[in-house]
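One structure is given below, encoded as structure tokens.
The values are calculated or read from the model by the stated rules, or taken from the named source; none is laboratory data. Quick caveat: nothing in here was measured; it's all calculated off a predicted structure. Neighbour counts run over all protein chains shown; Cβ positions are idealised from the backbone, glycine included.
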Amino acid sequence: MTRIDTITVIAPGLLGASLALASRERGMVGRVKVWARRGEVLEACRTRPWCDSVHADLGEGVADADMVWICAPVGRIAGLAEQAAPFLKPGAIVSDVGSTKAELHAAIDRIRMPEGCLYVGSHPMAGSEKSGLEYADARLFEGRPCFVTEGDAPNRKATEAVEDFWTGLGMRVTRTTPELHDRMVAWLSHVPHLTAVGLSRTLAAAMPEEWMQYAGPGLRDTTRVASGSVEMWRDILDQNRIEIGSALSQVIATLQGFERDLKAGEIDALVERLTRAKAFRDALSRFVGPSAPSSGPA
């Protein structure tokens, strides 16, 4: 890929800091600027070798950036893009790492960007239940899938620049529409997260706390992603509520089927359900191996 002179990372957390760290280590960018709302985040970035300058003023932070990465929770991305827009240099590309895309594209399409400035959506399917720039990992994106989404008036050069960036970090890039993206991630990430949250909430209400000492790795692994950022997931659930609700209804119907078979003593039917589930999980292991990075809000 063509080396980028300057990028700005807005609101660096795990993904933003990892993006900056990985691109600097690979020699993909010449300079990394950071903007954050909180002073303690700016001070933490100031001490990182991947950060060249920190900015409390958003306009100064994006002023000369060739590529701007908005890494805030998805509910704040459009607002930050609108605030940054007047200060973007001609030809700058704006992208993000948000987990929903249809509402985001619609919101950003209404923003008056400077001439030649373009938005291309991104969603790297990488992350962790941990959050914060202190967990930055230069290898976080390696081998993981990444969606790149285009709006109603796509620009091939801008889209390819964003795709090249993610490919340079070792990701497997797929270009798709915002609507199809949201449908896929509802199934691949958002509903699995809600099932972990639902199980955790149910156990917290129904199980005596002293039983937790006897829990094994199965329960830990099944509920792991429930430790994710509540703020981040609030925005995801809000912006993708239609697709999530539709998929969740099918999960509920499956669980109700288990309940009926259990109450009726239909053991053969239960065995069939278990067998089909095992076949899916075994097939999934071919794509997401045990050593793959854990997926956050994908």
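So here's what we get for this one:
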quantity	calculated
Single match in Ala196, Ala253 (criterion: in contact with a helix residue (DSSP H, G or I) (Cβ under 6 Å, 6 or more places away or on another chain), among the small types (Gly, Ala, Ser), more than 25 Å from Ser18 (Cα to Cα) and not assigned by TED's automatic domain parsing to the domain that holds Met171)	Ala196
Hits in the stretch 74-96 (condition: under 21 Å from the mean Cα position of the chain (by Cα) and closer than 15 Å to Ala161 by Cα)	Ile93, Val94, Ser95, Asp96
Test: residue in the stretch 271-289 that is part of a helix (DSSP H, G or I), in contact (Cβ under 8 Å) with a residue 12 or more places away in the chain and not polar (S, T, N, Q)	yes
Residue within the stretch 131-138 that is under 24 Å from Val41 (Cα atoms) and surrounded by 20 or more Cβ atoms within 10 Å (Cβ to Cβ) present	yes
Residue match in the stretch 160-180 (condition: among the small types (Gly, Ala, Ser) and touching a His at 6+ places or on another chain (Cβ under 8 Å))	no
All positions within the stretch 167-180 that are over 30 Å from Gly27 (Cβ atoms) and assigned to a helix (DSSP H, G or I)	Pro178, Glu179, Leu180
Options Ala72, Ala81, Ala158: the member that is among the small types (Gly, Ala, Ser), without any contact (Cβ under 8 Å) to a residue 40 or more places away in the chain and either part of a strand (DSSP E or B) or crowded, with 18+ Cβ neighbours inside 10 Å (or both)	Ala81
Ser95 vs. criteria part of a loop (DSSP other than H, G, I, E, B), at pLDDT 95 or above and hydroxyl-bearing (Ser, Thr, Tyr)	no
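Here's the yes/no breakdown for (1) assigned by TED's automatic domain parsing to the domain that holds Ala81; (2) touching an Asp or Glu at 6+ places or on another chain (Cβ under 7 Å); (3) under 17 Å from Ala136 (Cα atoms); (4) at pLDDT 95 or above:
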position: Ile10; (1), (2), (3), (4): yes, no, yes, yes
position: Leu21; (1), (2), (3), (4): yes, no, yes, yes
position: Arg31; (1), (2), (3), (4): yes, yes, no, yes
position: Val34; (1), (2), (3), (4): yes, no, yes, yes
position: Leu42; (1), (2), (3), (4): yes, no, yes, yes
position: Leu58; (1), (2), (3), (4): yes, no, no, yes
position: Gly61; (1), (2), (3), (4): yes, no, no, yes
position: Asp64; (1), (2), (3), (4): yes, no, no, yes
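Listed here are the residues, each with its yes/no results for (1) in contact with a helix residue (DSSP H, G or I) (Cβ under 6 Å, 6 or more places away or on another chain); (2) surrounded by fewer than 23 Cβ atoms within 10 Å (Cβ to Cβ); (3) in contact (Cβ under 8 Å) with a residue 24 or more places away in the chain.
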| residue | (1), (2), (3) |
| --- | --- |
| Pro86 | no, yes, yes |
| Lys101 | yes, no, yes |
| Tyr119 | yes, no, yes |
| Met125 | no, no, yes |
| Gly151 | yes, yes, yes |
